[in-house]
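The values are calculated or read from the model by the stated rules, or taken from the named source; none is laboratory data. These numbers come from a predicted model, not from an experiment. Heads up, the Cβs are rebuilt from the backbone with ideal geometry, glycines too, and the neighbour counts pull from every protein chain shown.
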Amino acid sequence: MAVARARTLPSNGMLGFLAVLAIVAIAAPFLLPSYQTLNLSYALIFAIAILGLNILTGYSGQITLGHGAFLAIGAYASAIAQQKMGINYLLTIPIAGVVCGLLGFAFGFPALRLEGIYLALATFALAVAAPTVLKKPAAITGGVAGIILPPVTSPTEFLTDDQFFYIVCLGIAALCFLLAWNILRGRTGRAFRAIRDGDLAAVAFGVNLASYKTLAFAISAFLAGIAGALYGIATGFVSADAYPFQLSILLLVGAVIGGLGTLEGAVIGGFFSQFLPQLSQQALSSINKQVANAAPSVTQGILLLVVMVVARQGVAGLIRSNVHRLRYPVQSGDDTPAAPEASAQTGPL
Amino acid sequence: MTFFLQQLVSGLAAGGAYASLALALVLIYSAMGLVNFAQGEFAMFATFIAWTLMVNLGVPYPLAFVLALGFAMLGAAAIERLIVRPFERGPQLGVVIVTLALLSITNGMAGFIWGYVPRAFPTPFPQNPVVIAGVYISIQDLGVIGVSLLVLGLIYILFNRTKLGLAMRTAALYPDSARLLGVSVGGMLAVGWGLASGVGAVSGILLAPSLFLEPNMMQQVIIYAFAAAVLGGIESPIGAVVGGLLLGVLLAMVGAYVQPLADLRLAVALLLIVVVLVVRPSGLLGQVHVRRV
Amino acid sequence: MALLELDAVTADYGPIKALHGVSLKVEPGEIVALLGANGAGKTTTLRAISGTCNRGGRITFEGRSLRGVAAHDTARRGIGHVPEGRGTLVQLTVWDNLRMGAYTRTDKEKVSTDYDLIFGYFPILKERRDQHAGTLSGGEQQMLAIARALMARPRLLLLDEPSLGLAPLVVQSIFEIITSINADEGVAVLLVEQNASLALKIAHRAYLLETGTVAASGDARTMAADESIRRSYLGY
């Protein structure tokens, strides 16, 4: 047991890598043009959202196509708390997380009875229906017009507004990933993976299926709520139409391309989800507007297929196997140290 | 009473179109245990093909209808063979992701080719209503009901009266035995996808005059089709038809009599999906049976 | 020329090798019994022939190689395989089971007279025509499986344990029918059977499999008389 525990702690090399990553992440907004800083903030927000999706679908094997609905709810929760109750926007972020977490927990109960494809179907319907439902109570949610939020202002003259918001996103993202890492490396994470890799075995090991499945839903929705609140604050405007079911698909695309069932995959996926639509649209905008508008759908679909055919573990999987190859160049000998989760890992796909 | 009957007929008309798409989903689900999330987009694409044939090339309606169906069938059969096949035996998540990729690609391709501006779609039925016993009934609605029932009837005959239908059922239920009897199971799956796509295309073409034709046309309809399929029993073709008609009428009545819910029809469908799946996963007409593989 | 010829045929289920080079022949119109203990590779040999497992080596049927031929195409070439467990299409009627048997055939008139021929051999199936096949008794299902395979007009019938789980009287009548079909219709039969003494009574020749290879072969009567075979496999 002690050995297994030790393996899940980051090695020195890993810590060094994380330190470099942190420095780059903090330095980025001071080196890049201002509009890119906001793009990076969005990428971090998507990374948090995909982290949530990953915990549910990648780690515990429950297919969700309705993650965007929880983002929408988080955004509304934050906007309503700001507008109707006058709560400071930074405080509304955890509030949105808790609201969504509770709703996710509640949705987890009917979801317990929905296996595999049925859950995919129900969450897909949730994603499509959510915008129309959220528009309905116009007195609270602002109806079709939505809710306009005041722009974020930096409290210090050393940071521009965009830089300040980026630092906020970075800090929250770091907390979320630390929380997720902590949950996933322990007993809960093992229970999630056991559920994913075969219910029967998990039950035999004494995992309480129902409570862990709903817990996965709650954590996943909690993270979606936080991402949604940040997303609303970033856009300065919350409207149901900003959360169409395509958003749910975009998040799944990010999760799959980044690598399902990995933490770094969520970060990579966040960047894909933010930049893929933009870049594909820009790349084809020279042809004409119609083609440019259709570009994101086509590219994300094709990329999904490509990933499914050539690298089911996503970009994270590719990186892991390459790192592994560099570290242990001799594969054949019996005395080669056991691969740390890279090659032997069972994944969701 | 008059108003009620009018709502009933228009509900049945919408329901017939939902039933076609639901049947498409059920055909694939009962053959291979997977849900094709791109089914609605396939129908939309075929409807665009019909539109192009009629409006750009001057092909008469019936011929355009048949050609679009043929296109939908061949296209979907090819997609099953070339793209979906390697994932059919893998984890469910993989197949879901692949059909979502197909959804994205099909939707984007339609945007590439035809753009996102909604277009009027021709209908072969006269626009003026008939009066039956004092009730104004739209001929368009009656026509849609008629075409839907005709298609559904043809599918019923195919499965229950023809050798091909029997072979498709055998391949779906008993793939191992089917192979030993000379049935190409893979071929039957491709035929099944083609057939499903053809039936789905009927739904798109029937709905296009009232929904207006654009790449996102089927996005809500696919949810109604899911609800219809789940309500009737996702493994039961007859259930899909019954579920579709019931849902069409239910939504029409909700729209007419329960004003606060009029623009929440999607939520009604969602609720129906969740409640049926939780309370009675086999639906109204589905039977719980052991699948022997 | 032999109807069917296996030359050093191997087969595996993933990492597990089930056949280590089986060679055998079936002549036209012959009944050949394939004997051996559990796990000797009898069922796998049939599956290798019909193309329903990973196989290697050379298999020729009517002079043509079966290399790379898919299971459904093997059936179309004239090999009927009645699998272990019978492969009954339980949710379909007896009639639909038989129709599926004739799936590969295009000679419609001939098919309809063949139904009568089959009902002649298996009158009980005519009585049960419109019943779901799942409601049939084990013996009836075995008859249905054989009848269904015959509807394809095969030149070679692969029978896997037709006696399994059936009462002795039923087994006897099924074996009688197999004999008369073989004699009257000229269908060659490769018979896998646990009940070796029974199989040797109706077979012309027999092969004995041991751990995936042929351990002995010969004329059925000689095999039945062989002391060591009798002691190991016939149990008297």
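Among the residues making up the stretch C:1-22, those that are part of a strand (DSSP E or B) and within 18 Å of C:Val189 (Cα to Cα) are C:Leu4, C:Glu5, C:Leu6, C:Val22. A residue that is under 17 Å from A:Gly317 (Cβ atoms), within 14 Å of another protein chain (Cβ to nearest Cβ) and buried (at least 24 other Cβ atoms within 10 Å of the Cβ) occurs somewhere in the stretch A:243-253.
Restricted to the stretch C:144-236, the set of strands (runs of 3 or more DSSP E) holding at least 2 residues that are surrounded by fewer than 23 Cβ atoms within 10 Å (Cβ to Cβ) and among the β-branched types (Val, Ile, Thr) comprises C:213-219. In the set (1) in a helix (DSSP H, G or I); (2) closer than 17 Å to B:Gly239 by Cβ, B:Val35 fails one condition alone, (1).
All of (1) within 30 Å of A:Leu252 (Cβ to Cβ); (2) at pLDDT below 95; (3) more than 10 Å from chain A (Cβ to nearest Cβ) hold for B:Ala78 with one exception: (2). Do you know which residues across the stretch B:72-128 are within 30 Å of A:Gly198 (Cβ to Cβ) and assigned to a loop (DSSP other than H, G, I, E, B)? Hits for the stretch B:72-128 are B:Glu88, B:Arg89, B:Gly90, B:Pro91. Screening the candidates A:Gly189, A:Gly206, A:Gly270 for the property of being crowded, with 24+ Cβ neighbours inside 10 Å and either part of a helix (DSSP H, G or I) or modelled with pLDDT under 90 (or both) yields one hit, A:Gly270. The number of residues in the stretch C:77-89 being facing chain B (nearest Cβ under 7 Å), part of a loop (DSSP other than H, G, I, E, B) and either in contact with a Ser or Thr (Cβ under 6 Å, 6 or more places away or on another chain) or without any contact (Cβ under 8 Å) to a residue 60 or more places away in the chain (or both) comes to 2.
Residues that are in contact (Cβ under 8 Å) with a residue 40 or more places away in the chain and in contact with a Phe, Trp or Tyr (Cβ under 6 Å, 6 or more places away or on another chain) were ranked within the stretch B:73-102; the one that is nearest to A:Phe245 (Cα to Cα) is B:Leu100.
One line per residue, one yes/no per condition, for (1) in contact with a strand residue (DSSP E or B) (Cβ under 6 Å, 6 or more places away or on another chain); (2) in a loop (DSSP other than H, G, I, E, B):
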| position | (1), (2) |
| --- | --- |
| C:Thr60 | yes, no |
| C:Asp73 | no, no |
| C:Gln91 | no, yes |
| C:Thr104 | no, yes |
| C:Leu117 | no, no |
| C:Asp130 | yes, yes |
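Looking only at residues of the stretch C:96-113 that are in contact with a Lys or Arg (Cβ under 7 Å, 6 or more places away or on another chain) and more than 10 Å from chain B (Cβ to nearest Cβ), we find that the one that is surrounded by the most Cβ atoms within 10 Å (Cβ to Cβ) is C:Leu98. Considering the conditions (1) part of a helix (DSSP H, G or I); (2) of a type in the set (Lys, Arg); (3) surrounded by 15 or more Cβ atoms within 10 Å (Cβ to Cβ), A:Arg325 is excluded by exactly one of them, (3). Determine whether A:Gly301 is within 26 Å of A:Phe192 (Cβ to Cβ) and in a helix (DSSP H, G or I). No. Residues that are touching a residue at least 12 places away in the same chain (Cβ under 8 Å) and either more than 26 Å from A:Thr262 (Cα to Cα) or of a type in the set (D, E, K, R) (or both) within the stretch A:160-183 comprise A:Thr160, A:Asp162, A:Gln163, A:Phe164, A:Phe165, listed in sequence order. Taken over the stretch A:29-64, the criterion of being free of Cβ contacts under 8 Å to residues at least 40 places away in the same chain and under 22 Å from the mean Cα position of the chain (by Cα) is satisfied by A:Gln36 alone. Just one of the listed residues (B:Leu12, B:Leu23) is away from chain A (no Cβ under 14 Å) and within 28 Å of B:Leu166 (Cβ to Cβ), namely B:Leu23. Residues in the stretch A:115-129 that are within 18 Å of A:Leu250 (Cβ to Cβ), more than 7 Å from chain B (Cβ to nearest Cβ) and of a type in the set (A, V, I, L, M, F, W, C): A:Ala127 alone. Within the stretch B:170-183, can one find any residue that is surrounded by fewer than 21 Cβ atoms within 10 Å (Cβ to Cβ), assigned to a helix (DSSP H, G or I) and away from every other protein chain (no Cβ under 14 Å)? No, because not a single residue in the stretch B:170-183 is surrounded by fewer than 21 Cβ atoms within 10 Å (Cβ to Cβ), assigned to a helix (DSSP H, G or I) and away from every other protein chain (no Cβ under 14 Å). Scanning the stretch B:143-167 for residues that are touching a residue at least 40 places away in the same chain (Cβ under 8 Å) and either of a type in the set (Val, Ile, Thr) or within 11 Å of chain C (Cβ to nearest Cβ) (or both) yields a count of 5.
Within the stretch A:293-307, the set of residues being surrounded by fewer than 22 Cβ atoms within 10 Å (Cβ to Cβ) and either more than 7 Å from chain B (Cβ to nearest Cβ) or more than 18 Å from B:Trp114 (Cα to Cα) (or both) comprises A:Thr299, A:Ile302, A:Leu303, A:Leu305, A:Val306. Scanning the stretch C:49-76 for residues that are touching a residue at least 40 places away in the same chain (Cβ under 8 Å) and within 19 Å of C:Pro15 (Cβ to Cβ) yields a count of 5. Scanning the stretch B:119-142 for residues that are more than 14 Å from chain A (Cβ to nearest Cβ) and either hydrophobic (A, V, I, L, M, F, W, C) or closer than 30 Å to A:Gly301 by Cα (or both) turns up B:Ala120, B:Phe121, B:Phe125, B:Val130, B:Val131, B:Ile132, B:Ala133, B:Val135, B:Ile137, B:Ile139, B:Leu142.
Reported count of residues in the stretch B:168-183, each being without any contact (Cβ under 8 Å) to a residue 12 or more places away in the chain and touching a His at 6+ places or on another chain (Cβ under 9 Å), is 5. Put simply, of A:Ala49, A:Ala69, A:Ala75 the only residue that is in a helix (DSSP H, G or I), within 14 Å of chain B (Cβ to nearest Cβ), buried (at least 21 other Cβ atoms within 10 Å of the Cβ) and not hydroxyl-bearing (Ser, Thr, Tyr) is A:Ala69.
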